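The values are calculated or read from the model by the stated rules, or taken from the named source; none is laboratory data. In this text the structure is predicted, and so the values were computed from the model without any measurement. Counting neighbours? That spans all protein chains shown, and the Cβs are built from the backbone with ideal geometry, glycine included.
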Amino acid sequence: MRVLLVGSGGREHALAACLSRSPELEALFIAPGNPGMAPLGTLVPIAADDVAALVAFAKEQRIDLVVPGPEAPLVAGLTDLCIEAGIACAGPSQAASALEGSKSFTKDVADAAGIPTARWERFEEAEPALAFVRRRGAPIVIKADGLAAGKGVIVAQTLEEAEAAIIDILTDRSFGEAGASIVIEECLVGQEVSLFAFCSDSEAVLIGAARDHKRIGEGDTGPNTGGMGAISPPPHFDREAQEQALDIMVRPMLAEMVRRGTPFRGIIFAGLMLTDAGPKLIEYNVRFGDPEAQALLIRLDSDLLPVLKALAEGRLDNASIRFTDEASISIVLAARGYPGTPVKGGAIRGIERAEAVPGVSVFQAGTALRDGVLVASGGRVLTVCAKAETAVQARARAYEGVAAIEWEDGIFRRDIGL
């Protein structure tokens, strides 16, 4: 098969590593990719959200399957354009991608499907939102309704923080159109986990689960980020519990999407909170998570390519996915200043030394080549992953890999997996 992988982050690097091993792969193109992905396929200088150019390239190169990594091209209608061009795409339609593109849409679907989730309200103007939080008090959660690269969620511990978040999003428009409206919801308490499944219409096949570490600081402090590390599988959420969660959180949603005339076909990522009252839905994403994908995919023990092709064609009954029983961990190295303005341009060395540690893989994200030297060019720059028989061993290997990397401006959490 001739495959076009869309994206440039650590998630896409992990996907490229899996796809490149497939005996069914004839050629792999990656748009736009990053320097770490260059040995795995042909990099194509097309932005991930330039869906028209991506489809034109796919037609020109006789692509058999498009594999979207990030959410932006899906929300922009990549799958719809691929279908019009007669090209298989392993992702949901633009209408179904609203599950990630609009948090209020997700809440409406969850309520209609009877899926347990936090109580919520939607606001477009600051004054009613401020009055609402003053009545409800804190802690309370403020979310930009649209796509905000994983940074549009503020868990306000005080009323002052909630008011500041509302003004920041609705008045100052810190997230642009993504913050034209907000969702305010009750603050759920418990252990957060990420559940992944292949879905087609009313059917779902479990992939697995991970636990992300969203905040920038150790001890889960500071602002939210796109994710600073993940462990898989998460403690206290075994395979049986994951299957039960599919029945509660995913399959009813799929049935509701079919009822609405917008069936979902792709990868669903359900963010859940395991509360004392049982699991509750936080949000849906319509693709693999980052850095959860890196932690999951290094444990993959089967061929991913035919599974994605079957998914694109609605043949979940033929899908086969196997993972090793090992524990895994991913640790994100971000640039100093992230999630605000990251410091760019610093030289990065030692990736080869890190990958010499048994069980360690390093996936690149915000990197670039400058005069032959690898440099930082984004916020989240590297993901150092490791797998081992036990979680303790995997964690030790991963941090040994982190220690082998030389990058003056790199920051990371030292408590991932504790």
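Laid out as a table, the results:
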| quantity | calculated |
| --- | --- |
| Members of the stretch 330-371 that are in a strand (DSSP E or B), closer than 30 Å to residue 237 by Cβ and out of contact with any Phe, Trp or Tyr (no Cβ under 9 Å at 6 or more places or on another chain) | 360, 361, 362, 363, 364 |
| Residue selected from the stretch 1-52 under the condition within 16 Å of the chain's Cα centre (by Cα) and hydrophobic (A, V, I, L, M, F, W, C), by the criterion surrounded by the most Cβ atoms within 10 Å (Cβ to Cβ) | 6 |
| Pairs with Cβ under 6 Å, 6+ apart, first in the stretch 69-94 and touching a residue at least 40 places away in the same chain (Cβ under 8 Å) and charged (D, E, K, R), second crowded, with 20+ Cβ neighbours inside 10 Å and assigned to a helix (DSSP H, G or I) | 71/100 |
| Filter result (buried (at least 23 other Cβ atoms within 10 Å of the Cβ), of a type outside the set (S, T, N, Q) and in a helix (DSSP H, G or I)) within the stretch 292-304 | 292, 293, 295, 296, 297 |
| Residues (within 14 Å of residue 274 (Cα to Cα), surrounded by 14 or more Cβ atoms within 10 Å (Cβ to Cβ) and of a type outside the set (A, V, I, L, M, F, W, C)) located in the stretch 219-243 | 234, 242 |
| Qualifying residue in the stretch 73-89 (condition: part of a strand (DSSP E or B) and modelled with pLDDT of 95 or more) | yes |
| Filter pass, residue 320 being modelled with pLDDT of 90 or more, part of a loop (DSSP other than H, G, I, E, B) and surrounded by fewer than 19 Cβ atoms within 10 Å (Cβ to Cβ) | no |
| Subset of the stretch 1-44 [more than 19 Å from residue 290 (Cβ to Cβ), touching a helix residue (DSSP H, G or I) at 6+ places or on another chain (Cβ under 8 Å) and among the charged types (D, E, K, R)] | 24 |
| Residues being of a type in the set (A, V, I, L, M, F, W, C), touching a residue at least 60 places away in the same chain (Cβ under 8 Å) and surrounded by fewer than 24 Cβ atoms within 10 Å (Cβ to Cβ) - total across the stretch 308-317 | 2 |
| Matching residues in the stretch 1-23 - criterion: being of a type in the set (S, T, N, Q) and touching a residue at least 40 places away in the same chain (Cβ under 8 Å) | 8, 22 |
| Elements of type strands (runs of 3 or more DSSP E) in the stretch 190-270, at least 1 residues being of a type in the set (Val, Ile, Thr) and touching a helix residue (DSSP H, G or I) at 6+ places or on another chain (Cβ under 8 Å) | 203-212, 229-232 |
